[in-house]
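Everything below concerns the one structure shown next.
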Amino acid sequence: MANVQFANIRKSFGAHPVIKGVDIDIADGEFVILVGPSGCGKSTLLRMLAGLENISGGEIKIGGRIVNTLPPKDRDIAMVFQNYALYPHMTVEQNMGFSLMLNKAPKAEAEKRVKYAAGILGLDKLLDRYPRQLSGGQRQRVAMGRAIVRDPEVFLFDEPLSNLDAKLRVAMRAEIKELHQRLKTTTVYVTHDQIEAMTMADKIVVMHDGIVEQIGTPLELYDRPANLFVGGFIGSPA
Ligand code: ADP
Ligand code: MG
């Protein structure tokens, strides 16, 4: 586990500023959701935390350590994307173990971790299947399994459920929360869906056009939205 801090984070693409001074403190083990309309900068913020995007200004710390220029592989984080990008020619077991193999983990240790993740995710009986033989929900679980086997300090999710149908989406919300309650890994989760944010988050960060409008628990945002934007977005009368 680790805490995560964004301090006065800025990002421009060319002359175009898209993140305009963002401060967020995330405690050890917290499940934080970044929510806001499409284009407000959620993915860019997550990608900077992951090291997939350069930072134009400010500081990002993981576990108290400044990571601004640290390559992704040295940040001890694991990311689950919207497009799971499973390797089609690899089985479930191979998909989950691949990053461990790349990192030259001992075979016995890798097998142990894959079995553990498969157990948590209910994939025990599917380890020999290929992605094309899985349902959407099962594929999503494999994508999460790939993150879990790495036992990272921080999980990042970028709209992980947006390709699933409505019913499955609701079921997977509960699964991801159960997973978090079990592992207690610090989690930063991005969605544009305010219901998802309200039902899953310990703490919500409401973003709008490259800035943070408000940070609070779901109840705080619902009861005391800081402004009309937050009130309108969360759906309570402001
Ligand atoms: P969100 O995830 O909230 O939908 P993004 O972080 O993807 O928003 O994008 C924020 C803004 O930055 C958008 O205006 C988007 O067009 C722009 N943007 C994102 N990535 C790039 C890029 N690689 N080059 C130029 N503009 C980008
Ligand atoms: Mg996005």
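Rule-based calculations on the coordinates, nothing more; no lab input. Computed from a predicted structure; not experimentally measured. Heads up, the Cβs are rebuilt from the backbone with ideal geometry, glycines too, and the neighbour counts pull from every protein chain shown.
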Would you say Gly58 is exposed (fewer than 14 other Cβ atoms within 10 Å of the Cβ), more than 30 Å from Leu134 (Cα to Cα), more than 16 Å from the chain's Cα centre (by Cα) and of a type in the set (Gly, Ala, Ser)?
no
Filter segment 48-74 down to residues that are on the phi < 0 side of the Ramachandran plot and touching a residue at least 60 places away in the same chain (Cβ under 8 Å) and give me whichever is farthest from ligand 2 (Cβ to nearest atom).
Ile62
Consider segment 28-59. How many of its residues are more than 8 Å from ligand 1 (Cβ to nearest atom), closer than 28 Å to Gln181 by Cβ and of a type outside the set (A, V, I, L, M, F, W, C)?
4
Within segment 1-42, strands (runs of 3 or more DSSP E) holding 1 or more residues that are aromatic (Phe, Trp, Tyr) and farther than 15 Å from Ile204 by Cβ:
4-13
